[in-house]
Amino acid sequence: MATSLFESDAPTESTDSLSEAIFLEMVNDPGFVTLEKDLQLDVFEKLGTLAVLATKYELAIARYRTSIDIGISSQLADSLLFDPTLYLGESYYLLGKADSSIFFLKEAEKRLHGPMATNQSSRLFNSLGVIYYQSGNYSQAVNYFSKAKNLTIGQRDFDDLEPYYRYALFSFLNNIGSCLVNLDQPDSALSIYKNLLISGIETDKTRLQIARIFLDLNEVDSADRYLQQVGNQSDVSPFFVDLRAEALIQKGARLEAEDLLVDFLENRKESDFRLAPLYNKLGDLALEKGDFLGAATHYHQAIVRADGNFDQEDILKNPSDYSVGFASNHLFEALIGKAKAFGRLAKGEKSEPYFGYSVASFQSALD
């Protein structure tokens with residue numbers, strides 16, 4: 001009954017809740033331990049998935065771990081351990097814990113051999129690609145996105161695919177293009193994105209990526225042309241604002257870029273790592289015009305957004321515990337920026353404390 005509700009063709013919050021209640025009733029029954037171990041594993045795996053659907057990621061992690069522990073202690077086949085290990089890695093990703101996510105996704109990859117789990121292998125490779133991308137290992141990300149694409153799509157093009165697979169191909173190629181940009185291969189990336197634009201899928205997302213490449217090449221007029229074609233600019237993303245500000249800076253309109261960033265960030269106090277590059281850009285602008293304390297303040301806000309676990313508002317504080325996060329490059333840039341701002345304050349004020357704050361920020365970046 002619980003599995004039937006879990007696998008409903010039209011699942012709702014009510015069917016998920018009832019499914020979970022029945023699975024938990026089984027788990028809490030003294031007879032549960034007498035069931036076959038593969039069934040026990042399956043129950044906790046499904047309970048983990050129901051927790052993910054309810055956005056209770058810590059609970060999901062605990063349930064997936066129990067599922068895996070049952071499988072390992074009972075020496076069950078790798079084919080049964082693959083799914084909960086994959087889902088555990090993805091749950092850590094949803095919590096922003098990239099190092100733990102990579103660890104368990106690699107564990108899932110070890111259990112991927114022979115013909116088993118072929119339906120899930122492309123999902124695993126795509127998840128690994130996303131996490132390696134977010135943590136800055138772009139070469140490894142390309143490898144995994146390419147594996148996922150080849151397993152799912154093969155050599156087919158958009159015209160040969162059903163709608164679901166057309167979107168999947170778009171996603172894989174978009175991700176590969178982003179990696180190539182970061183690997184300083186703009187021509188290859190542009191070729192991919194112009195092909196994606198012809199596909200007609202998520203054209204605004206593609207235009208932003210093309211604009212990013214032209215800005216990296218300092219071809220601001222070409223970038224502007226694509227930015228102006230982005231459809232709904234009333235609900236803009238941090239990425240769009242970042243690109244728009246960069247275009248203004250390249251045109252010499254620094255004050256206008258600053259106003260754009262400040263207006264966008266004014267009512268966004270949430271800890272969103274996508275905001276970190278915007279605060280870094282404000283820090284750069286403040287540093288250029290000699291507002292060194294303002295620059296340090298902006299860089300510190302970037303640190304808070306980029307770190308995820310660091311919430312100290314005191315700009316003299318720096319993170320002391322580190323994991324591989326999804327904005328590690330922005331965190332590093334922010335710490336370096338704050339160190340430089342304090343260094344300039346130390347020169348101007350002849351102040352020994354500012355010199356110490358600069359050294360501490362450099363040390364945190366090095367750590």
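Observations, loosely collected:
- Think of it as helices only: each DSSP H run of n ≥ 4 in the chain is worth -39500 (n - 2.57), and spread over all residues that comes to -23500 deg cm²/dmol at 222 nm.
- Dipole axis of the range 188-311 (+1 Lys, Arg; -1 Asp, Glu on Cβ), positive-most option in LEU227, ALA306, ALA295: LEU227
- Prolate/oblate/rounded call for the range 35-111, Cα gyration tensor, a/c under 1.5 rounded: oblate
- Restricting the range 132-183 to trypsin sites (Lys or Arg not before Pro) in coil, as DSSP defines it, with at most 14 other Cβ within 10 Å: ARG156
- Shape of the range 140-206, Cα gyration tensor, a/c cut at 1.5: oblate
- Here the Karplus relation 6.51 cos²θ - 1.76 cosθ + 1.60, evaluated at θ = phi - 60°, turns the backbone of the range 158-171 into coupling constants of 3, 5, 9, 10, 6, x, 4, 6, 4, 5, 4, 4, 4, 4 Hz, with x for every Gly and Pro.
- In this entry, the range 162-308 is assigned a mean projected area of 9.6 nm², taken as a quarter of its C-alpha convex hull surface.
- Take the convex hull of the alpha carbons in the range 1-74; its mean projected area over all directions comes to 4.7 nm².
- Think of each Lys and Arg Cβ as +1 and each Asp and Glu Cβ as -1; about the Cα centre, that makes the dipole of the chain roughly 900 debye.
- Listed cross-link partners LYS251/LYS338; LYS147/LYS281; LYS97/LYS340 are compared with a 31 Å cut-off, the Cα-Cα value being larger for LYS147/LYS281.
- Here the extension length gained between ASP259 and GLU58 equals 68.4 nm, from 0.36 nm per residue of separation less the Cα-Cα distance.
- Sequentially through the range 103-110, phi angles give Karplus couplings (6.51, -1.76, 1.60; θ = phi - 60°) of 4, 6, 5, 5, 4, 4, 4, 5 Hz, Gly and Pro residues having no value and appearing as x.
- Selection from ALA346, SER135, ALA10 lying farthest towards where the dipole of the chain points positive, charges on Cβ: ALA346
- GLN229 paired with GLU36, simple spin-label distance in nm, labels 7 Å along Cα-to-beta-carbon: 5.7
- Lys, Arg +1 and Asp, Glu -1 on Cβ, resulting dipole of the range 1-104 about Cα centre, debye, nearest 20: 300
- Extension gain for ARG268-LEU95 works out to 60.3 nm (0.36 nm per residue, less the C-alpha to C-alpha distance).
- Calculated FRET value between GLU219 and ASP291, using beta carbons and R₀ = 41 Å, to 0.05: 0.85
- Multiplying the residue separation of LEU183 and ASP157 by 0.36 nm and subtracting their alpha-carbon distance yields 6.9 nm.
- Label-to-label distance, ASN28 versus ASP314, with points set 7 angstrom from Cα along the beta-carbon direction: 4.5 nm.
- The charge dipole of the range 163-248, taken about its Cα centre with unit charges on the Cβ atoms of Lys, Arg (+1), Asp and Glu (-1) only, comes to about 320 debye.
- Pairwise centroid distance, computed over Cα atoms, of the range 79-102 with the range 122-150, Å: 14
- Candidates THR34, PHE103, TYR92 compared by Cα position along the dipole of the range 33-122: farthest toward the positive end lies TYR92, with charges placed on Cβ.
- What separates the Cα centres of the range 292-366 and the range 213-288 is a distance of 22 Å.
- In the chain, the sites counted are GluC sites (Glu not before Pro) in DSSP loop states with at most 15 other Cβ atoms within 10 Å, and the longest stretch holding none of them, exclusive of the sites, is 37-201.
- Calculated accessible area for the range 131-199 comes out at 50 Å² per residue, all protein chains present (probe 1.4 Å; ligands, DNA, RNA ignored).
- Over 28 Å [Cα-Cα, the chain], rounded percent: 56
The values are calculated or read from the model by the stated rules, or taken from the named source; none is laboratory data. For clarity, every value in this text was computed on a predicted model and none was experimentally measured. Glycine also receives a Cβ, built like all others from the backbone with ideal geometry; neighbour counts cover every protein chain displayed. In case anyone asks, the SASA skips ligands and DNA or RNA and just uses the protein heavy atoms, side chains included. Shrake-Rupley method; radii C 1.70, N 1.55, O 1.52, S 1.80 Å.
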